[in-house]
Amino acid sequence: PLFAGMNGSAIENFSCVIYNVFLMNCTWQAGRDAPADTQYFLYWQNSRDDEEMECELYIKDENGRNVGCRFQNVRIGTEKAYFLVNGSSKDSLIQFYDEYI
C-alpha cells in the first residue's frame, strides 16, 4: 500500500521559514496518534537534479524527538524544493509526510 502506516502518525503543521537569506528552519509536530517512541527524519531535495540529503542539524524537543531542522547556506532556486519526513517506531509503521515548497 502506498500510504502504509498508522493513521494519525504522520507529522503535522510542517512549515519552513527563511531568514538572513541563507538560513532556514523547518518545524513540525509529532502526529497526534504516533507512539511515544516515534522518531522522525527529514530528507530534502533542492531540485530534481540534486541528490536527496538528510537534515544535518535537527531541532529536538524535551524528549529528544526531532521536531525540526536547521539549514545553513541554503540557496533557494526558482524550482520547488521537495521535503519528506518519515518516522520509525518499534511498535508500528509510521506514515510519511511530503511536500513541495
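Structural remarks
- Share of carbon and sulfur in the accessible area of the chain stands at 49%, probe radius 1.4 Å.
- Computed over the chain: relative contact order in percent, which uses C-alpha pairs under 8 Å that are six or more apart: 33
- Projecting label points 7 angstrom from Cα along Cα→Cβ for residue 101 and residue 49 puts them 2.4 nm apart.
- Listed residues 20, 53, 43: farthest to the positive end of the dipole of the stretch 19-59 (Cβ charges): 20
- Rg to Rh, two decimals, where the chain supplies the alpha carbon set and Rh follows Kirkwood: 0.98
- Segments 13-24, 83-94 sorted - mean Cβ within 10 Å per residue, highest first: 83-94, 13-24
The values are calculated or read from the model by the stated rules, or taken from the named source; none is laboratory data. Values in this document were obtained by computation on a predicted structure and should not be read as measured data. For neighbour counting, all protein chains shown are included, and Cβ atoms are generated from backbone atoms with ideal geometry for every residue, glycine included. The area values use the complete protein model at the heavy-atom level, side chains included, leaving out ligands, DNA and RNA. Shrake-Rupley method; radii C 1.70, N 1.55, O 1.52, S 1.80 Å.
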